[in-house]
1. Can you pull out the strands (runs of 3 or more DSSP E) entirely within the range 273-388 that have at least 1 residues that are touching a His at 6+ places or on another chain (Cβ under 7 Å) and on the phi < 0 side of the Ramachandran plot?
2. Test ASP115 against the stated conditions and say whether it is open to solvent by 10 Å² or more (accessible area, probe 1.4 Å) and either out of contact with any Cys (no Cβ under 8 Å at 6 or more places or on another chain) or more than 16 Å from PHE5 (Cβ to Cβ) (or both).
3. Applying the selection to the range 242-254, what residues are open to solvent by less than 20 Å² (accessible area, probe 1.4 Å) and at negative phi?
4. Answer yes if at least one residue in the range 159-166 is hydrophobic (A, V, I, L, M, F, W, C), part of a helix (DSSP H, G or I) and over 19 Å from the mean Cα position of the chain (by Cα), and no otherwise.
5. In the range 77-87, which residues are in contact (Cβ under 8 Å) with a residue 40 or more places away in the chain and surrounded by fewer than 19 Cβ atoms within 10 Å (Cβ to Cβ)?
6. Taking the criterion of being surrounded by 15 or more Cβ atoms within 10 Å (Cβ to Cβ) and closer than 30 Å to LEU174 by Cβ, would at least one residue in the range 23-36 satisfy it?
7. Could you go through the range 292-307 and let me know if any residue there is open to solvent by 30 Å² or more (accessible area, probe 1.4 Å), touching a Leu at 6+ places or on another chain (Cβ under 8 Å) and either among the small types (Gly, Ala, Ser) or under 30 Å from ALA203 (Cβ atoms) (or both).
8. Which numbered condition trips up GLU336, out of (1) out of contact with any strand residue (DSSP E or B) (no Cβ under 8 Å at 6 or more places or on another chain); (2) among the charged types (D, E, K, R); (3) buried (at least 18 other Cβ atoms within 10 Å of the Cβ); (4) at pLDDT 95 or above?
Amino acid sequence: MNILFLSQIVPYPPDSGPKVKTWHVLRSLKEQGHRITLATFVRPEERAHLGTLRRICDEVYAIPIHRSRLADLYYLLVSNLTGRPFLIERDDMAGMRKLVLHKMRSGKIDVIHADQLTMTQFALPGRFGFPRKLPMREDGKKIVRVFDAHNAVWTIIQRMGENTQVVFKPFVALEARRVKCYEGKIIKEFDHTLAVSEPDRQALLQALYTVDHHVNGASIKVIPIAVDTDQLKPVRRSSDSLHIVTLGTLHYPPNADGIRWFTTEVFPIIRQAVPMVKLAIIGKNPPSDIVELANQNPGVIEVTGYVDDLTPYLEKSALMVVPVRAGGGMRVRILEAFARGMPVVTTTIGLEGIEAQPGEHVLVEDAPEEFADAVVRLINNPCYQELLGANGRCLATQRYDWRVVLTTLDQVYQQMGEKRR
């Protein structure tokens, strides 16, 4: 089939959760023999990677996007006027709308695959120059629309609201309600919705029921995020290491929130038990307060920013911590840590959507004292580190490798093809 694939980000290199998910979906669709037209937003630093995407996509179109705090303020005001979520207004670019409409009018597109919530708006009729009915194919058949939900966005915003300052809580709650309603409308409007976990599927069903109590949600299919376990080999860690590593895209608010919680409430407790412990925080665009914390603790906390190769940091670490207090979907960094044989300590929210057993594959704690105790126990028990690492690696290869996971995506597209025929 001819697929118009809409992406919010350039999905290469696969060095963050959204990119990992999208990259493997594109690889799988290509292996199925589909013709892929990729329409993606692009930032200046991402242009160098478009050539790689042209190796697996038949056509690649890149629409420039630039964000700023001033622009965000404008879109926040527009959101309050239109009632649409801020996230949707922010990414509603005329260039992307014109491109998608042009491709639909060509009469050759079978499927629009909207990757992440903000991209679904470009396949909706009746807004900003779009006709009230979507164009048809040359053969008179309608274009099938797929919503690929990386997470249930409304739950992320709601959870962030629980941890935000009191003065901002009403605004965050309003955005969460708007997003929940919008997600429900998209699920009802689109032909298929892909969720990455059963908790996300249930959250998306809640969103759907806010707009229609009489639908059964059968169009929502669970397909977990996948990793490449052939590429992600187990690392050789130092058996007596006192190093801890954590990582994530740090301009993403839930990631920064979790690391703030760990560094201020958990790490001091760990240092009392293990005075020589060290922490490496890896990730793009670290906030100034996290950088300042490292400056105040030289030789103890290191903030690296983005690094091309994680292997040296993983090899000298006893374990990885993934402190998450808000979020949705699946934590790809946990799956990749499993694939690399890294012991992991995380929270209940951090493990959501991953079929790992606490104590067998991973340690899970939510309170600062218990989280710190789990880390200290692992640091002091290299044999337990090895056991968790080996079990995690086995789980990743058997359950979360992209060749295993995305067979379900193959089935979804095969069913679409059979219906069209």
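The values are calculated or read from the model by the stated rules, or taken from the named source; none is laboratory data. Model, not experiment: these values are computed from the prediction. When we count neighbours, we look across all protein chains shown, and the Cβ atoms used for this are built from the backbone with ideal geometry, even at glycine. Heads up: the accessible areas ignore ligands, DNA and RNA and are worked out on the full protein's heavy atoms, side chains in. Shrake-Rupley method; radii C 1.70, N 1.55, O 1.52, S 1.80 Å.
1. Working: elements: 278-282, 301-305, 319-322, 344-346.
In the range 273-388, 278-282 are the strands (runs of 3 or more DSSP E) which contain 1 or more residues that are touching a His at 6+ places or on another chain (Cβ under 7 Å) and on the phi < 0 side of the Ramachandran plot.
2. Values: open to solvent by 10 Å² or more (accessible area, probe 1.4 Å): no; either out of contact with any Cys (no Cβ under 8 Å at 6 or more places or on another chain) or more than 16 Å from PHE5 (Cβ to Cβ) (or both): yes.
So ASP115 does not fit the description; no.
3. Answer for the range 242-254, where residues must be open to solvent by less than 20 Å² (accessible area, probe 1.4 Å) and at negative phi: ILE244, VAL245, THR246, LEU250, PRO254.
4. yes
5. Once the filter is applied, which keeps residues that are in contact (Cβ under 8 Å) with a residue 40 or more places away in the chain and surrounded by fewer than 19 Cβ atoms within 10 Å (Cβ to Cβ), the range 77-87 yields only GLY83.
6. No, because not a single residue in the range 23-36 is surrounded by 15 or more Cβ atoms within 10 Å (Cβ to Cβ) and closer than 30 Å to LEU174 by Cβ.
7. no
8. (1) is the only condition that GLU336 fails.
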